[in-house]
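Trainee: Pasting a structure below so you can have a look.
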Amino acid sequence: MKWYEREIEEVEKMTRSHFSSGLTEEEAKKRLKQFGQNKLDEGETVPAFFLFLAQFKDFMVIVLLVATLISGLLGEYIDAITIILIVLLNGVLGFIQERKAEKSLAALKELSAPQMMILRDGEWVKVPSTEVVTGDIVKVTSGDRVGADIRIIESKGLRIEESALTGESVPVQKTQDAPSGEDLSVGDQENMAFMGTMVTQGSGIGVIVATGMKTEMGKIAHLLQSAETMVTPLQRKLEQLGKVLILVALFLTALVVLIGVYQGHDAYIMFLAGVSLAVAAIPEGLPAIVTVALALGVQRMIKRKAIVRKLPAVETLGCASVICSDKTGTLTQNKMTVTNLWSGGRTWEVSGTGYEPKGDFYGNGKKLNLQTEKTLKQLLTFGALCNNARIVTSEVKEGLLQKTKLEYTINGDPTEGALIVSAEKAGINRESLEINYKIIEEFPFESTRKMMSVVVERSKDGKRFVVTKGAPDVLLSRSSHILWEERQQTLTPQREAAVNRSIEDLASQALRTIAIAYKEIDKAANIATEAAVESNLTFIGLQGMIDPPRPEVKASILECREAGIKTVMITGDHIITAQAIAKQLNILPTHGKIMDGNTLAKMSVTDLEEVVDDIYVYARVSPEHKLKIVKALQAKGHIVAMTGDGVNDAPAIKAANIGVAMGITGTDVAKEASSLVLSDDNFATIKAAINEGRNIYDNIRKFIRYMLASNVGEILVMLFAMMLGMPLPLVAIQILWINLVTDGLPAMALGLDQAEGDVMKRKPRHPMESVFARGLAWKIVSRGFMIGVVTLIAFWLTLSQHPDDLMRAQSVAFATLVMAQLIHVFDCRSEHSVFHRNPFQNIYLVIAVLSSTALMLVVMYFPPLQPVFHTVGLNVREWLLVLGMASIPTIALAGFHLFKRK
Ligand code: ATP
């Protein structure tokens, strides 16, 4: 179907849509059922069964299974069946871990799924883009990713970047008119917008003509299915490490077997024990558990309102040394209220809080009668006219008596909302303005221009006006005249100085200032471009609005400072407003400097590098400058988190080590470029995410430490026994059982561990730091060594008392090894020593340890299992020996710590 060739009316008929009211909810549901969801087919996913099979593809597991099979054929049925059961159980555990990891990753994808603005039953609503159907009327604005193929009905300066489809990165101008020519390529269909392309400017309305695999994007979907890699640097490093560890484990077990055979042990038993030892000692679960720890951490972050889009960011978060944060909405509440106004040398105050349109105007401390205030009324009228925000009222029930109360919120930009509210307080409402003025053209607000304009026609006399609002200094530079004493007069240097003084006066009270200007134009005047419209204006005056800091931000900034992380504020606001707020939030230390956008624009990255460490606030900055800031900071060795919401923020977000996008105000483009989305737009959430990021990394270190020390212990007890010419301290089945009960649950529970008290008191981690840094390797080797030695001692003591009861000695060794590991797991929770933390704080770990203990007791005391596991029940003295020996590593090392500190 060549939609671009059709007339708009024809398209309306063919899509069975209504351009004025959209589809009904009912019709949309019907179509959704009939034509399916609006999404591209995913690439193949691995069926669960194969994922399960993959658990057994490890070389040593296969060797073990083959060996077991042989022993089964030789008549050792019980042994064979038990080993197979244990291997199966291990496989199930691995499978569950991997499935969990996969599911959480899928959930992540869902969370960042985009939404679309759709007209349904005559109302504009946001729906997930998977639920839109052919015939839906859709609105797109700058920053949106187009979610389906759309025939454009109305374009307001709409420009779309279509490189995803055409490879052409220069945005294309879109119109509602049919282009000339036949058989046009996608790039030439100027009245169409396609799924996957990006709105860079303006806005537009259109009707959906194709969804899902029927879109142009769907036709090439197979090209796009190479999903982004979700492997983190740590996972990659651990994979490499895993290979080394396999070799070491294989070498050591071979040594155990060889020495054992040399010492006269039965070759077959030694072989089976050796293979079991290899299976137990190879940390095959490590990658899966790392993924689970990352995924669990990511889920905790979601609870704290931080959505991770790219898994590697979780690790980088722990290294962040600078956070560059937008001011409005992130550090402040973005709940604007106009409090002060200025025009032509006069000032006014207005009372009232929030968006409730109730308040009075005061001049010189006296309440005013607005009838006579012509200039003030013009300032308010034009502020509300050049505006897209609306006040929304809803009824809420309050208090014990459930009294109904009206709640006022803003639909649209809060800055514009504040202007609508200030006008309403003077009895000027938007609806009646729309009757008196017809909007002919609009140039939406852009952070780069820092202003917005409309061209309007007055109904009563047909006169046309340009009305512009924006940053006062910018508007002043576009003005040739000013309203002074209710008359239009030339903007002389004296008057300009007076305006500047009042801008500074309002800004120093931490107020955000918006200026309003206008000009009358005739009907033939050129209104095609912003440049033509936004010049030779007449400056009317200023409205100053408060935007209170978010209450939790100040404490978060302090916490970040203690964690060695510097907070930098970046804002489009006036330098003095920025300074006032930075002081309130304690961002600006006494030696700290502020830089303004003009100075920044003239500097090269190298120039900026010289001073970047001293600057804490950047004001009147355009989004493009953020990239320079990121680069200069990175050149100084910083790991930078950078926030943003608009299209122009995307390059800086992408370049930052941790790109952070706003969940509420952020555009699709910014979100897609980011690795972290704040679902509440709040700075405190970045801090929470960093806190979690550090914790996740700590937890990964904890279980690496636990697993490897346990494995070292298992190998060493066997190796030493063989070297000393002793009998086998553990039989194959016992080794496999230990591997199952100690590696599985407790290791997973460590992934759920709470952060240690001092996570936010340490300096950021160096990104190149090894996982084994800060003494971890030593801890693993020394703990592992001690676990091995105490097990061997317990075994030897029992054996010397009962020289002909090998099974008893092996049971003692089995119990000691398990208990030593289960006690050691509590050690692993702290980078300092076990006594630094309450062992009952992590309830999952306590449960895991108790269930592992129970699993050990079952094979020791359940009579039918005793012959299978070669165990006997122990007496009290033996248990005392077991527990005493098992706690020695922990107690000895804690004592050593204490001694070292003293
Ligand atoms: P941030 O702190 O998140 O960078 P900001 O709101 O401080 O954002 P911008 O949104 O770029 O920065 O705004 C810059 C200036 O443009 C503001 O100080 C204000 O004077 C003006 N401005 C903001 N919003 C509007 C708007 N909707 N229409 C006209 N002017 C605006």
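The values are calculated or read from the model by the stated rules, or taken from the named source; none is laboratory data. What you see is a predicted model; the values in this text were computed from it and never measured. A quick note on method: Cβ atoms are made from the backbone with ideal geometry, for glycine too, and the neighbour counts reach across all protein chains shown. Accessible surface is based on the protein model in full, side chains and every heavy atom, while ligands, DNA and RNA are left aside. Shrake-Rupley method; radii C 1.70, N 1.55, O 1.52, S 1.80 Å.
Trainee: Can you give me the relative contact order of the chain as a percent, contacts being Cα pairs under 8 Å and 6 or more apart?
Mentor: Once normalised by length, the contact order is 12 percent.
Trainee: Right, another one. Looking at Phe382, Val338, Pro114, which one has the Cα that reaches farthest to the positive end of the dipole of the chain (charges on Cβ: Lys, Arg +1; Asp, Glu -1)?
Mentor: Projecting each Cα onto the dipole axis, the largest value belongs to Val338.
Trainee: Please work out the C-alpha center-to-center distance from the stretch 705-735 to the stretch 850-895 and express it in whole Å.
Mentor: 16
Trainee: Here's something else I'd like to know. From the square roots a ≥ b ≥ c of the eigenvalues of the alpha-carbon gyration tensor of the stretch 792-871, which class results: rounded (a/c under 1.5), prolate (a/b over b/c), or oblate?
Mentor: Verdict is oblate for the stretch 792-871.
Trainee: Quick one: if you stick a label point 7 Å off each Cα along the C-beta vector at Asn526 and Thr24, how many nm between them?
Mentor: 5.0
Trainee: I need the Kirkwood Rh of the stretch 648-799: take the reciprocal of the average 1/r across all distinct C-alpha pairs and report it in angstrom.
Mentor: Radius from the Kirkwood sum: 19.0 Å.
Trainee: While we're here: Projected onto the charge dipole of the chain (+1 at Lys/Arg Cβ, -1 at Asp/Glu Cβ, origin at the Cα centre), which of Thr141, Val256, Pro551 gives the Cα projection farthest towards the positive end?
Mentor: The residue sitting most towards the positive pole is Pro551.
Trainee: Within the set Lys554/Lys602; Lys327/Lys425; Lys29/Lys156; Lys126/Lys156, which residue pairs have Cα atoms separated by over 23 Å?
Mentor: Result: Lys554/Lys602; Lys327/Lys425; Lys29/Lys156 exceed 23 Å.
Trainee: Now a separate question. Suppose every K and R has +1 on its Cβ and every D and E has -1 on its Cβ; what is the size of the dipole of the chain about the Cα centre, in Debye to the nearest 20?
Mentor: 2340
Trainee: Round to a whole number: what % of the accessible area of the chain belongs to carbon and sulfur, probe 1.4 Å?
Mentor: The nonpolar share, carbon plus sulfur, comes to 59 percent.
Trainee: Further question on the same structure: One-quarter of the Cα convex hull surface for the chain, in nm²?
Mentor: The orientation-averaged projected area of the Cα hull of the chain comes to 48.0 nm².
Trainee: Determine which aspartates and glutamates satisfy two conditions relative to Lys57: a Cα distance under 12 Å, and not lying fewer than 8 residues away in the same chain.
Mentor: Partners within reach: Glu284.
Trainee: Which entries in Lys305/Lys405; Lys243/Lys654; Lys374/Lys519 show an alpha-carbon gap greater than 23 Å?
Mentor: Lys305/Lys405; Lys243/Lys654
Trainee: Between Ala601 and Arg561, how high is the FRET efficiency from 1/(1 + (r/R0)^6) when r is the Cβ-Cβ distance and R₀ = 35 Å? Nearest 0.05.
Mentor: Computed FRET efficiency for Ala601 and Arg561 comes out at 0.75.
Trainee: Over 19 Å apart: what share of the alpha carbon pairs of the stretch 709-760 falls there, rounded to a whole percent?
Mentor: So the pairs more than 19 Å apart make up 46 percent of the total in the stretch 709-760.
Trainee: Right, here's the next one. Please report the net charge: other residues with Cβ closer than 9 Å to the Cβ of Ala210, K and R +1, D and E -1.
Mentor: -1
Trainee: With the dipole of the chain worked out from charges on the C-beta (+1 for Lys and Arg, -1 for Asp and Glu) around the Cα centre, which of Ala661, Met860, Phe465 lies farthest toward the positive end?
Mentor: After comparing all options, I get Met860.
Trainee: Karplus couplings for the stretch 820-833 from phi (6.51 cos²θ - 1.76 cosθ + 1.60, θ = phi - 60°), rounded to Hz, Gly and Pro as x?
Mentor: Whole-Hz 3J(HN,Hα) from phi for the stretch 820-833: 4, 5, 6, 7, 4, 4, 6, 4, 5, 6, 10, 6, 9, 8.
Trainee: At 1.4 Å probe size, with every protein chain present, just tell me what the per residue accessible area of the stretch 48-101 comes to in Å².
Mentor: Here the per-residue accessible area is 57 Å².
Trainee: I've got another one for you. Order Val396, Val209 by their accessible area, 1.4 angstrom probe, all chains in place, largest first.
Mentor: So, going from the largest accessible area down, we get Val396, Val209.
Trainee: Given q = 0.19, 0.20 Å⁻¹, what are the Debye log10 I(q)/I(0) values for the stretch 48-101, with equal point scatterers placed on the Cα positions and solvent ignored?
Mentor: Taken in order of the listed q values, log10 I(q)/I(0) reads -0.65, -0.70.
Trainee: Under 17 Å Cα-Cα from Lys30, which aspartates and glutamates qualify once same-chain neighbours fewer than 8 residues away are excluded?
Mentor: Asp121, Glu131, Asp136
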